[in-house]
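Participant: One structure, pasted below without further comment.
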Amino acid sequence: MLKRIFSYILPINILKKKSAFSKSLEVTWANGELVLDSANTNYSYGSLQRILRKGLQIIGFSKIVEMEHILVLGVAGGSVIKTLANEIKFEGKITGVEIDSSVIALANEYFQLNEIQNLKIVIDDAFEFVLKTKERYDLIIIDIFQDTMMPNFLFEEFFINRIGFLLKEKGFILFNTMCLKESDNIRNEKYVSAFNKKEFVVRKIPRVEQHNELIIVEKTKNPN
Ligand SMILES: C[S@@+](CC[C@H](N)C(=O)[O-])C[C@H]1O[C@@H](n2cnc3c(N)ncnc32)[C@H](O)[C@@H]1O
């Protein structure tokens with residue numbers, strides 16, 4: 001309780017560790033809230049949670065609550081999953097895919113992610129998972145970072161087509177990206193044009209909390 005109060009004045013770090021995938025995972029009290037950070041960016045809760053919440057609000061909480069199955073690529077501390085479960089009261093299935101088992105151990109210990117009954121966590125590379133899955137999803141949330149770096153596969157045509165295919169008709173993709181330099185803006189423009197086919201509608205929400213840009217894709221119908 002004291003740590004929480006003091007954290008309004010100065011952040012209080014309570015854990016710092018390395019993992020096989022991350023050179024630093026940090027659990028910190030900041031502005032009265034427990035957050036998970038990597039070496040150079042916020043991974044879960046805090047601003048990251050606000051960014052994805054904004055995307056979910058644009059899609060519409062009332063639409064999301066009616067969905068059957070949501071796929072979250074990149075789980076970390078699970079803040080978007082908490083928004084789905086606690087704020088939106090989503091009771092359908094949530095599958096969360098995370099490459100780093102250490103981050104899930106922290107999510108369970110510090111953020112009680114394992115108390116969410118309708119959540120199944122898969123420890124896997126998101127690229128591999130997306131290739132293997134036989135399911136179709138109403139909403140695919142893509143939030144994959146290695147510190148501030150976004151892996152290239154996310155922007156490759158193969159992955160884009162596969163994600164589009166896994167989406168049910170009237171389904172949505174919510175993609176969190178970081179734009180730190182001009183080449184990142186160009187990369188995002190290309191991504192949007194790759195989805196600009198007749199069965200998709202794409203929107204960009206720029207400058208959500210400084211460097212993040214959200215891309216929201218809606219699949220209006222299945223291709224003939
Ligand atoms: C910004 S955090 C995710 C935050 C989370 N969506 C939330 O709402 O709190 C990014 C996560 O992506 C994970 N990640 C990085 N590369 C991955 C990959 N190829 N497959 C699955 N997860 C990956 C990282 O380990 C990290 O936990």
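Participant: Taking the simple approach of a point 7 Å from Cα along Cα-to-Cβ for both residue 108 and residue 148, what is their distance in nm?
Facilitator: It works out to 3.3 nm between the two label points.
Participant: Working from Cα positions, state the angle (0 to 90°, nearest 10) between the long axis of helix 101-111 and the longest principal axis of the chain.
Facilitator: Here the helix axis deviates by roughly 60 degrees.
Participant: Hey, what did the range 47-219 get for relative contact order, percent, Cα under 8 Å, at least 6 apart?
Facilitator: Once divided by the residue count of the range 47-219, the mean separation gives 20 percent.
Participant: While we're looking at this one, here's another question. Calculate the dipole size of the chain relative to its Cα centre from +1 charges on Lys and Arg beta carbons and -1 charges on Asp and Glu beta carbons; express the result in debye to the nearest 20.
Facilitator: About 360 debye.
Participant: Okay, moving on. Based solely on C-alpha atoms, express the radius of gyration and the Dmax of the range 131-224 in angstrom.
Facilitator: So, for the range 131-224, Rg and Dmax equal 13.0, 40 Å respectively.
Participant: May I ask for the angle, rounded to the nearest 10°, between helix 182-195 and the longest principal axis of the chain, with both axes built from Cα atoms and the value confined to 0 to 90°?
Facilitator: 40
Participant: If the reach is capped at under 27 angstrom between alpha carbons, list the lysines near residue 18, excluding any in the same chain fewer than eight residues apart.
Facilitator: The qualifying lysines are 3, 82, 120.
Participant: Pairs 89/190; 181/221; 93/219; 16/190; 16/93: which exceed 30 Å Cα-Cα?
Facilitator: On the way: 89/190 35 Å; 181/221 34 Å; 93/219 20 Å; 16/190 37 Å; 16/93 32 Å.
Result: 89/190; 181/221; 16/190; 16/93 exceed 30 Å.
Participant: Among 33, 115, what is the fewest-to-most ranking by other Cβ atoms within 10 Å?
Facilitator: Details: 33 13, 115 9.
Ranked by crowding around the Cβ, least crowded first: 115, 33.
Participant: What FRET efficiency, computed as 1/(1 + (r/R0)^6) with R0 = 41 Å and r the Cβ-Cβ distance, is obtained for residue 187 and residue 65, rounded to the nearest 0.05?
Facilitator: My answer for the efficiency is 0.80.
Participant: Please work out how much length the chain gains when fully extended from residue 8 to residue 93, using 0.36 nm per residue of separation minus the C-alpha to C-alpha distance, in nm with one decimal.
Facilitator: Values: separation 85, 0.36 × 85 = 30.60 nm, distance 3.58 nm.
Net length gain for the segment: 27.0 nm.
Participant: A further question on this structure: Got a sec to turn the phi values of the range 204-210 into Karplus ³J(HN,Hα) couplings, 6.51 cos²θ - 1.76 cosθ + 1.60 with θ = phi - 60°, whole Hz, x for Gly and Pro?
Facilitator: 10, 10, x, 6, 7, 6, 6
Participant: Subtracting the Cα-Cα distance from 0.36 nm times the residue separation, let me have the gained length for residue 19 to residue 58 in nm, one decimal.
Facilitator: 10.6 nm
Participant: Please report the base-10 log of the normalised intensity I(q)/I(0) for the range 47-219, using a Debye sum with one equal scatterer per alpha carbon and no solvent, at each q in 0.09, 0.15, 0.16, 0.17 (1/Å).
Facilitator: -0.27, -0.81, -0.94, -1.08
The numbers here are math on the coordinates, done by the rules we state, and not lab data. Not measured: the values here are computed from a predicted model. Neighbour counts are summed over all protein chains in view; Cβ atoms, including those assigned to glycine, are modelled from backbone coordinates with ideal geometry.
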